[in-house]
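Structure record follows, encoded as structure tokens.
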Amino acid sequence: MNVLMLGAGQLARMMALAAKPLNIEVRAYDVGSEQVINPLANEQVYGDLASGIAHADAITAEFEHIDHDVLALCEASGKLKPSSQAIKIGGDRRLEKALLAQSQADNAEHVIVEDEQGFQQALEHLSLPIILKSALAGYDGKGQWRLKSNEQAAQVWTEVDEFFAGSKSLVKQGIVAEQMVPFDREVSLVGVRGVNGDVKVYPLTENHHTDGVLSVSLALTGEEELQKQAQQVFTNLTNAMDYVGILAIEFFQVGNKLLVNEIAPRVHNSGHWTQQGSDTCQFENHIRAVCGLPLGGTELLRPTAMINILGEDQVSNEVLAIQGVSVHWYGKTKRAGRKMGHINVSGESHAQLQQRLQAVADLLPESAFSDIKAYIGNLT
Ligand code: AMP
């Protein structure tokens with residue numbers, strides 16, 4: 001079989017690696033060059049999208065910010081899974097909020113802002129502090145504001161208005177103004193839904209961020225109540241979209257309650273630990289789902305965590321001497337803050353996992369990993 005992936009980054013590469021043993025070839029459409037490549041060899045296979053679509057048995061996506069005309073072409077072939085609507089929901093916070101309302105999934109109080117009147121409504125309806133997030137993808141790291149006092153409002157509106165004016169998107173840009181949630185921690189659920197509606201979810205993952213980027217994910221155990229809540233949200237959301245494939249839900253945990261922050265209609269960084277921590281990793285399960293194959297087991301085999309390698313193109317090979325450690329590089333050119341690879345760490349017990357995480361952390365340079373080292377240090 002042949003799967004066409006929309007997007008040609010590390011997620012496409014890891015899906016290609018996971019698909020190989022099933023005799024499934026992944027070809028990736030690079031939205032920049034508009035060519036279809038082999039993501040393992042980084043070589044062109046087809047010169048355009050139309051050939052990629054014609055040769056594919058199934059089409060799917062590794063990211064959600066895809067031109068709508070590309071999605072329409074793929075959908076017209078009848079091969080696209082999940083649907084273009086599900087992918088669009090992941091790329092537009094307004095559609096996402098509508099899905100959460102339709103599925104009765106708890107989330108932060110919010111107001112959709114598309115003009116100054118909407119901004120004033122947000123100020124009236126929400127109490128400070130407020131976070132404002134661009135509805136569509138921001139550019140150059142722009143597109144999020146935090147409003148802590150009324151004095152800042154005029155300045156923030158000026159910036160938002162400029163942001164709207166600078167949008168090059170064919171879809172009208174907007175903002176979701178959201179009440180800041182005093183959360184205890186951020187967790188996520190990665191799960192898969194098959195073509196026949198079967199659902200399997202991995203254990204919830206605790207996520208730590210460094211400068212706003214995911215840096216450590218730890219698979220959780222002994223959280224039956226939270227897991228049940230999260231699984232119910234997953235089932236409701238994916239049923240509402242008749243979703244096929246892996247989907248990730250990011251939550252804020254407030255006490256014993258989970259509030260949805262956002263969803264990603266694709267494999268997710270917080271699910272990379274499944275490569276070593278589960279029978280079937282998220283990449284293989286996504287491929288299985290979109291190809292109509294039976295889904296693989298999602299249980300936690302052993303305590304596992306993932307450390308992201310951000311902005312560095314090497315780590316000491318000594319980490320490989322620690323048992324239960326796997327290093328996954330993405331073959332990308334080094335750039336500050338860029339996701340270059342990740343390290344999965346497993347143990348037979350939590351104590352052993354913590355010991356091994358600490359041993360890995362000890363080998364990582366302070367300069368690039370200080371925040372990750374501090375987080376791991378606090379676990380032990
Ligand atoms: P997002 O792009 O929605 O994932 O937001 C980026 C980060 O901002 C999240 O990982 C949170 O740490 C923080 N954040 C986003 N929305 C809220 C909120 N409503 N309340 C508190 N923190 C938030």
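The values are calculated or read from the model by the stated rules, or taken from the named source; none is laboratory data. All figures in this text were calculated on a predicted structure; none of them were measured in a lab. No Cβ is skipped: glycine too gets one built from the backbone with ideal geometry, and neighbour counts run over all protein chains shown. Accessible surface areas use protein heavy atoms only, side chains included; no ligands, DNA or RNA. Shrake-Rupley method; radii C 1.70, N 1.55, O 1.52, S 1.80 Å.
Identify the residue in region 259-280 that is within 16 Å of the ligand (Cβ to nearest atom) and open to solvent by less than 10 Å² (accessible area, probe 1.4 Å) and, among all such residues, is farthest from Leu189 (Cα to Cα).
For region 259-280, the residue satisfying everything is Pro265.
Assuming Leu6 fulfils every condition listed in (1) buried (at least 17 other Cβ atoms within 10 Å of the Cβ); (2) on the phi > 0 side of the Ramachandran plot apart from one, which condition is it?
All conditions are met except number (2).
On the basis of being at pLDDT 95 or above, closer than 16 Å to Val176 by Cβ and surrounded by 15 or more Cβ atoms within 10 Å (Cβ to Cβ), does Lys97 make the cut?
So Lys97 passes the test.
Is it true that Arg288 is closer than 16 Å to Met14 by Cα, open to solvent by 10 Å² or more (accessible area, probe 1.4 Å) and either touching a His at 6+ places or on another chain (Cβ under 9 Å) or assigned to a strand (DSSP E or B) (or both)?
no
If a residue has to be within 19 Å of Leu17 (Cβ to Cβ), part of a loop (DSSP other than H, G, I, E, B) and open to solvent by 40 Å² or more (accessible area, probe 1.4 Å) to count, how many in region 309-330 make the cut?
Looking only at that region, the number is 0.
Looking at (1) in a loop (DSSP other than H, G, I, E, B); (2) over 23 Å from the mean Cα position of the chain (by Cα); (3) among the small types (Gly, Ala, Ser), find the lone condition where Ala137 falls short.
Here Ala137 meets the rest and fails (2).
Kindly check whether there is at least one residue in region 366-380 that is modelled with pLDDT under 95 and part of a loop (DSSP other than H, G, I, E, B).
Yes, some residue in region 366-380 is modelled with pLDDT under 95 and part of a loop (DSSP other than H, G, I, E, B).
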